[in-house]
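Worksheet: one structure, shown below.
None of the figures in this text is laboratory data; all of them are computed from the coordinates on show. Remember, it's a predicted structure, so these values are computed and weren't measured experimentally. Methodologically, a virtual Cβ is constructed for each residue, glycine included, from the backbone with ideal geometry; neighbour enumeration extends over all protein chains shown.
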Amino acid sequence: MKTLILTQRDVASILTMEAAVPAVERAFAAHGRGQAIMPAKVYLPLEDFGGDFRAMPAYFEGSAGVKWVNSHPGNPAKHGLPAVRGVFILSDPATAAPLAVMDATLLTAYRTGAAGAVASRALGKKGPKTLGLIGSGVQARVLLSAHRVVFQGLEVLCADKQADVAQRFAQQLGGRAVSLEEASACDIICTATPSRAPIVMREWVRPGTHINAMGADGPGKQELDPRILVDAMVVIDDWHQAVESGEVNVPLHTGAYAKGKIHATLGEVIAGLRPGRKGDEITVFDSTGLAIQDVALARVVFDAAKTRGIGQAVELVAGA
Ligand SMILES: NC(=O)c1ccc[n+]([C@@H]2O[C@H](COP(=O)([O-])OP(=O)(O)OC[C@H]3O[C@@H](n4cnc5c(N)ncnc54)[C@H](O)[C@@H]3O)[C@@H](O)[C@H]2O)c1
């Protein structure tokens, strides 16, 4: 059996947000029920190169795989390249045959956007009218497209420390570039920056708001005023990852927030094992990004590629 090589162009021709959202939702539910295998992601810090690599293995619903991905915030300015790039290997769990090797840059973006929209549907109030995007980069784009799959007629307000970036984002994707404070007064807020200090203040956030805190995915990263966490129902994606590297990591270290206040994992809420929103409280989804999200999408891409005859099959591993 040959291994299917899928380039970014191949993946782009297959992957849609309409397919990504339900696949990611199923992955979270399996995680909540304890039906997935997902060791904690391994970080390879490379301070001399201004970034890090992560190895993310997982098994879920008959599919096993690993993503090798990075975070180099200086890539766009220094090299004109995206901050996040990756490769995914999908394997047959029974024979260990490498089924596919594919670009995981788009996979990462789509599964991140999909996770935000899945969390907004599970934890946000019904019928949101406004979406605030804090940070107008790659992840913000996919967060917007995923929210448009899940919700109709959202007014989009975007903000960025680079005003021209927010302006361009608004013009291209349909929205209004505003201040951080104005974007924080929306029904749903998505933060997607590499910030290492709070950029959304407690006073700016209204009761009933749902926040997807997506940017903090490494130790020392932080986007929210810790007083938001103290007042909110906080739902994490995974205990180990969130405590080590999620939005809660810094306030847990400083003592501004207590681990015992974390309400549940998103998977537990989606699987109906823990209650979600009760009324007008602020809800926060602390996302670090789970390997099962990637496996779920890699499977969708692989199955579609085989059906449609996309990709190049090669003898990569002897006897594969
Ligand atoms: N949770 C997850 O699953 C997940 C997945 C992928 C990436 N991420 C993280 O999301 C973050 C954003 O990634 P990206 O690919 O969109 O990066 P990006 O470089 O494409 O965009 C980030 C944007 O944030 C803006 N920004 C930076 N600091 C800011 C600040 N203090 N205030 C306002 N805006 C600010 C930048 O100007 C830029 O436009 C990174 O920290 C990345 O590691 C998380």
| said: Please compute the volume of the convex hull spanned by the alpha-carbon atoms of region 122-290 and report it per residue in Å³. | reply: 102 Å³
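Take the cross-link list LYS129/LYS161; LYS78/LYS221; LYS2/LYS41; LYS41/LYS306; LYS129/LYS306 and give me the ones stretching past 32 Å between alpha-carbons. Can you show the working numbers first?
Details: LYS129/LYS161 24 Å; LYS78/LYS221 21 Å; LYS2/LYS41 28 Å; LYS41/LYS306 29 Å; LYS129/LYS306 39 Å.
Pairs exceeding the cut-off: LYS129/LYS306.
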| note | If one compares the long axis through the Cα atoms of helix 163-173 with the longest principal axis of the Cα atoms of the chain, the angle in degrees, nearest 10, works out at 60 degrees
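With a sphere of radius 13 Å drawn around the Cβ of SER195, what net charge do the other residues whose Cβ falls strictly inside it have (Lys, Arg +1; Asp, Glu -1)?
Details: positive: LYS161, ARG196, LYS221; negative: ASP160, ASP217, GLU223, ASP225, GLU247.
Its environment carries a net charge of -2.
Out of region 22-77, which GluC sites (Glu not before Pro) are coil in DSSP terms and have no more than 15 other C-beta atoms within 10 Å? Numbers along the way, then the final one.
Working: sites: GLU25, GLU47, GLU61; in loops: GLU61.
Of the GluC sites (Glu not before Pro), the ones in loops of region 22-77 whose Cβ has at most 15 other Cβ atoms within 10 Å are GLU61.
Regarding region 251-297, what whole-number volume in Å³ per residue does the convex hull of its Cα atoms give? Intermediate results must be reported in sequence, preceding the final value.
Details: hull volume 5.2 nm³, N = 47.
Given the Cα convex hull of region 251-297, per-residue volume reads 110 Å³.
For every helix of n ≥ 4 consecutive DSSP H residues, a contribution of -39,500 (n - 2.57) applies; sum these over the chain, divide by its total residues, and give [θ] at 222 nm rounded to the nearest 500 deg cm²/dmol.
Values: 12 runs with 117 residues, N = 320.
Calculated at 222 nm, the ellipticity per residue is -10500 deg cm²/dmol.
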| query | In a GNM of the chain with a 10 Å cut-off on Cα contacts, which of THR288, THR130, THR191 has the highest mean-square fluctuation? | reply | THR130
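Kirkwood Rh, the chain, all Cα pairs: how many Å? Before the final figure, lay out the partial values.
Values: mean 1/r = 0.0508 Å⁻¹.
The Cα-based Kirkwood calculation yields 19.7 Å.
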| For region 277-317: Kirkwood Rh in Å [reciprocal of mean 1/r, alpha carbons] | 13.9 Å
| note | Here the equivalent ellipsoid of region 54-150, derived from its Cα gyration tensor, has semi-axes (largest first, whole Å) of 28, 21, 9
